[in-house]
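> Let me begin by handing over the structure; questions about it come next.
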Amino acid sequence: MSTPRHYITTTIPYVNARPHLGFALELVQADALARHHRHRGDRVRLLSGTDENSLKNVLAAEAAGADVRSFVDRNADAFAALRGQLGLSYDDFIRTSSDPRHRVGVERLWRRCAEAGDLYRKEYEGLYCVGCEQFYTPGELVDGRCAEHGTEPQLVAEENWFFRLSRYGDRIRELITSGALRIQPAGRRNEVLALLEGGLRDLSVSRSHHRARGWGIPVPDDPSQVVYVWWDALGNYVTSLGYGTGDSAYDRWWASEGRRVHLVGKGVVRFHAVYWPAILLSAGLPLPTDILVHDYLTVDGRKISKSAATTVDPAALAETHGADAVRWWLLRDVPRTGDADFTSDRLAARADADFAGGLGNLVHRVVTMVHRFRDGAAPTPSAAALPGGSELADVCRNVPGLVDAALADFDFRRATRTVWRIVEEANRYIDATRPWEPAGRERQGDVAARARLDEILAALVGACRVLADELSPFVPDAAQRIAAALTPVEGTLPAAKPLFPRLREGEGTARRPV
């Protein structure tokens, strides 16, 4: 059988401001998913990038009194820097205003849809939200305001190019209901089906060169217009693979068998689950296989936003608390559905409880016992080391499959909670077996006690190694520290030492995680 392929993408954010923690959630989720599949031996390509051909980027630069190019470059650099700051492992990072692959691919995609008869030009008047870069009907507004941004849209009248979106509603519905296009969780899938049930209107897919301030990709053969930023941005999933350039990466990751997985926030579901599939159908290209939707992070109940006062800087958080503390809170505490309210106290409490008080405490106990009872030489695991009836053995054996199932359901909290069962069961195993008791009998010459203690220590060291292995997609640095603490040097484990410092001074014993 061929090795499974997974092409995993994040959305690409506007660069009208520096990154915020809400987007870091998506980055970390995508990275954990990619690392997990690599860890299982699959082939993976992980893509992120920045959406730069947007009017809101131009307006933000003007408001800052900055040149648009330098403003965009500076903020794009801040997004690219998250790779090191959050321990990300993406294989590619595309910038839509400067990557030479992108314009060629967008132009090719436009021409393919034009050849299909799906593009036409007409005059249009509508209510336009600059924050969403989208037209809305009055019925789609809440008290006359955009539901996403809480702002009143502008009345815009101009001549644009339109895409015949209305042609593709039935085909998209078929793909979703058949499972060929999987949308998770089910509530988001149902929202898309309800949207399709109401019928689709053709979509404006260009803006006048004048209103765009001359920023963006010109419409092929019509320099008076620039390509609508969402059309432009959605194309990144194939332009980054060299679509339109003949690059074999496109055939390998998009046009071949495998999973094509988009991670998106709930506010952009219609773009990815309706507009993008319709564009691909028109162009005669394969569709994504999975659209995985996350909800929002909030601060004091308000959505985290670059343009609002609720932004939280993930780079500063990682600098203060460490990348793994940030990653762990995002994966361990954010639910699969429903918004999650962030505070730095919650992040620090989780890290202290689980790293210092959970992982660190367990590994320290185990290594200390190996040094105390076996001079640092961990007994070699054997068939007897993890007897079939042992709950610890059963948990270690079952965790990988349960993690696979949780991540197949796009449930990171369930996945991390599953891994945590090893910590809980290992602590119970220590309490139940009381290794210090056979150690005492061994000192009195009890040969059977020596064998029993070897069995217990081998079981605990083995469980901690499984723990490090299964944690590696979620918190790679923490997993590496645990693995290093359990790796013999010239036959002896390193001396026991605290692996994870507490983030809050004077807290005492960390609380047990739920």
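The values are calculated or read from the model by the stated rules, or taken from the named source; none is laboratory data. Keep in mind the model is a prediction, meaning the values are calculated, not measured. So basically every Cβ, Gly included, is an ideal-geometry build from the backbone, and we count neighbours across all protein chains shown.
> Tell me, please, whether a residue that is under 34 Å from the mean Cα position of the chain (by Cα), part of a loop (DSSP other than H, G, I, E, B) and over 16 Å from Val399 (Cβ atoms) can be found in segment 431-441.
Among the residues of segment 431-441, not one is under 34 Å from the mean Cα position of the chain (by Cα), part of a loop (DSSP other than H, G, I, E, B) and over 16 Å from Val399 (Cβ atoms), which makes the answer no.
> Which of the residues that make up segment 21-48 are in contact with a strand residue (DSSP E or B) (Cβ under 7 Å, 6 or more places away or on another chain) and either polar (S, T, N, Q) or on the phi > 0 side of the Ramachandran plot (or both)?
Gln29, Ser48, listed by residue number.
> If Ala66 satisfies every condition in (1) within 23 Å of the chain's Cα centre (by Cα); (2) outside any helix (DSSP H, G or I) but one, which is the exception?
With respect to (1) within 23 Å of the chain's Cα centre (by Cα); (2) outside any helix (DSSP H, G or I), Ala66 is out only on (1).
> Looking for something hydrophobic (A, V, I, L, M, F, W, C), buried (at least 20 other Cβ atoms within 10 Å of the Cβ) and part of a helix (DSSP H, G or I) - is there at least one such residue anywhere in segment 145-163?
Checking segment 145-163: not a single residue is hydrophobic (A, V, I, L, M, F, W, C), buried (at least 20 other Cβ atoms within 10 Å of the Cβ) and part of a helix (DSSP H, G or I).
> Within the group Ala194, Ala180, which residue is in the same structural domain as Ile12 (by TED's automatic domain parsing), part of a helix (DSSP H, G or I), within 24 Å of Val293 (Cβ to Cβ) and under 31 Å from the mean Cα position of the chain (by Cα)?
Numbers: Ala180 fails: part of a helix (DSSP H, G or I).
After applying the criteria, what remains is Ala194.
> Could you check segment 239-357 for strands (runs of 3 or more DSSP E) lying wholly inside it with 3 or more residues that are surrounded by fewer than 17 Cβ atoms within 10 Å (Cβ to Cβ)? Let's see the steps before the verdict.
Numbers: elements: 259-265, 290-294, 297-299.
Filter on segment 239-357 gives an empty set.
> Now a separate question. Criterion first (closer than 19 Å to Tyr237 by Cβ, touching a residue at least 40 places away in the same chain (Cβ under 8 Å), out of contact with any His (no Cβ under 9 Å at 6 or more places or on another chain) and among the aliphatic types (A, V, I, L, M)) does Leu59 satisfy it?
So Leu59 does not fit the description; no.
> Just one of the numbered conditions (1) in contact (Cβ under 8 Å) with a residue 24 or more places away in the chain; (2) out of contact with any strand residue (DSSP E or B) (no Cβ under 7 Å at 6 or more places or on another chain); (3) closer than 15 Å to Leu119 by Cα; (4) among the charged types (D, E, K, R) is not true of Asp221; which one?
Answer for Asp221: the failing condition is (1).
This table checks each residue for (1) modelled with pLDDT under 95; (2) over 17 Å from Leu86 (Cβ atoms); (3) among the acidic types (Asp, Glu).
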| site | (1), (2), (3) |
| --- | --- |
| Ser305 | yes, yes, no |
| Ala309 | yes, yes, no |
| Glu319 | no, no, yes |
| Gly322 | no, no, no |
| Arg327 | no, no, no |
| Leu347 | no, no, no |
| Arg350 | no, no, no |
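> Here is a further query. Find all pairs meeting these conditions: Cβ atoms under 9 angstrom apart; at least six residues apart or on different chains; first residue within segment 434-458 and under 10 Å from Phe373 (Cα atoms); second residue β-branched (Val, Ile, Thr) and not in a helix (DSSP H, G or I).
Note: pairs meeting the criteria are Asp454/Thr380.
> Does segment 21-71 hold any residues that are among the aromatic types (Phe, Trp, Tyr) and either surrounded by fewer than 16 Cβ atoms within 10 Å (Cβ to Cβ) or farther than 30 Å from Arg332 by Cβ (or both), and which are they? Outline the logic, then answer.
Initial filter on segment 21-71 (among the aromatic types (Phe, Trp, Tyr)): 23, 71.
Passing the criteria: only Phe71.
> Since Gly244 meets every condition but one in (1) in contact with a helix residue (DSSP H, G or I) (Cβ under 6 Å, 6 or more places away or on another chain); (2) within 30 Å of Lys303 (Cα to Cα), which condition does it not meet?
So the condition that Gly244 fails would be (2).
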